[in-house]
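**Q** Pasting a structure below so you can have a look.
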């Protein structure tokens with residue numbers, strides 16, 4: 001079997017699995033899994049750009065995805081006029097003072113004599129900090145006091161949420177630039193520590209800065225880029241189509257909405273995949289793989305290793321940020337407490353490893369495989385436990401324990417899948433093409 005036929009077969013198997021879920025469980029669930037698989041595949045592509053192209057170990061995927069989610073709030077949620085009146089001016093003044101402080105610190109660092117540089121920078125930083133807090137704290141208190149049960153934050157710009165996908169990528173790219181400028185000149189383990197740290201800092205900020213994100217109270221009711229179910233249910237065309245297909249109008253509306261999301265996500269995935277493939281096969285891609293395989297030799301040939309690492313780190317993080325904004329769009333809400341390393345770092349890395357590090361198609365396949373079994377492991381485990389305990393009494397203690405434990409089988413399933421893939425396909429299901 002040639003590589004192309006084998007790859008097409010693997011994707012066909014995934015399509016069959018999704019179809020089986022549609023027939024056995026429901027098409028609405030199958031399409032919901034498909035949408036999450038598409039978003040996961042985009043995140044996996046972002047990590048593959050960093051690790052597969054350049055060997056950069058980013059364990060802060062969660063933070064960059066959360067920045068994408070934040071973009072959805074700031075772009076699409078409606079502004080809160082009362083909050084802006086209460087504390088908007090104070091926040092603006094604090095931001096200008098912070099920017100002026102950074103500019104002053106930069107000037108001191110480059111212009112003042114080395115003997116007095118540290119003292120000047122420290123003095124400016126301390127003065128700027130207290131000056132910023134003198135405007136920032138009263139403004140935050142005033143904003144969070146405005147109807148905290150419903151708002152308590154400044155809101156956003158009220159623009160179409162689809163614009164937040166690009167903004168989310170920009171937010172993540174900016175954070176990646178800041179982290180990369182500090183850590184990419186050091187050993188790879190320092191980069192892992194830096195990305196993990198910045199990820200936790202971002203999540204802590206999103207959970208505690210109520211004036212910006214409502215914190216753990218969440219932001220719900222974000223607008224959609226697709227029709228609402230209630231509008232579809234009132235459409236004569238869809239009512240007739242549901243009757244022809246033998247579906248209820250409620251099921252029909254859910255399927256139409258999920259198909260609309262799937263179409264948007266597929267367009268973005270194919271666009272990013274196309275650009276990733278073009279980049280990987282270009283002279284730039286060959287240079288990145290050369291740097292990945294032997295940094296010393298690449299640097300000896302005149303390549304700016306640190307600069308190229310920074311470049312690819314920003315690109316990969318931007319893709320993760322886009323996917324984070326898309327996930328918030330799909331959910332229709334922003335929930336800072338849901339950003340957990342297990343889902344947004346471990347699973348994404350599992351997708352890259354299982355799919356095939358260094359191969360964009362492998363990263364996409366890994367996104368589908370891992371997320372599908374992450375969702376379906378629980379019902380499959382429940383079915384399996386029910387099958388092996390079918391001969392026991394309904395009130396048997398062992399049977400009850402096994403059935404109640406089925407929800408935890410997904411972690412075992414992920415470990416088993418990774419072990420099997422690494423045993424029989426150590427380079428992934430679709431390994432990197434070595435030229």
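The values are calculated or read from the model by the stated rules, or taken from the named source; none is laboratory data. All figures in this text were calculated on a predicted structure; none of them were measured in a lab. Counting neighbours? That spans all protein chains shown, and the Cβs are built from the backbone with ideal geometry, glycine included.
**Q** Name every residue in region 112-170 that is without any contact (Cβ under 8 Å) to a residue 24 or more places away in the chain and part of a loop (DSSP other than H, G, I, E, B), in order of residue number.
**A** Hits for region 112-170 are 112, 113, 149, 150.
**Q** Let me ask you something else. Check region 73-83 and report whether any residue there is within 19 Å of residue 208 (Cβ to Cβ), assigned to a helix (DSSP H, G or I), without any contact (Cβ under 8 Å) to a residue 12 or more places away in the chain and under 31 Å from the mean Cα position of the chain (by Cα).
**A** Looking for residues that are within 19 Å of residue 208 (Cβ to Cβ), assigned to a helix (DSSP H, G or I), without any contact (Cβ under 8 Å) to a residue 12 or more places away in the chain and under 31 Å from the mean Cα position of the chain (by Cα), one finds none in region 73-83, hence no.
**Q** Separate question: Any idea which of (1) touching a helix residue (DSSP H, G or I) at 6+ places or on another chain (Cβ under 6 Å); (2) part of a helix (DSSP H, G or I); (3) modelled with pLDDT of 90 or more is the one residue 226 doesn't satisfy?
**A** It fails just one condition, (2).
**Q** Please give the number of the condition residue 173 fails out of (1) touching a residue at least 24 places away in the same chain (Cβ under 8 Å); (2) over 22 Å from residue 209 (Cα atoms); (3) assigned by TED's automatic domain parsing to the domain that holds residue 219.
**A** Condition (2) is where residue 173 drops out.
**Q** Okay, next question. Examine region 7-18 for a residue that is surrounded by fewer than 23 Cβ atoms within 10 Å (Cβ to Cβ), assigned by TED's automatic domain parsing to the domain that holds residue 372 and either outside any helix (DSSP H, G or I) or under 13 Å from the mean Cα position of the chain (by Cα) (or both), and state whether such a residue exists.
**A** Filtering region 7-18 down to residues surrounded by fewer than 23 Cβ atoms within 10 Å (Cβ to Cβ) leaves 7-18.
Cutting the leftovers down to assigned by TED's automatic domain parsing to the domain that holds residue 372 gives us 7-18.
If we keep only those that are either outside any helix (DSSP H, G or I) or under 13 Å from the mean Cα position of the chain (by Cα) (or both) too, we end up with none.
Scanning region 7-18 turns up no residue that is surrounded by fewer than 23 Cβ atoms within 10 Å (Cβ to Cβ), assigned by TED's automatic domain parsing to the domain that holds residue 372 and either outside any helix (DSSP H, G or I) or under 13 Å from the mean Cα position of the chain (by Cα) (or both).
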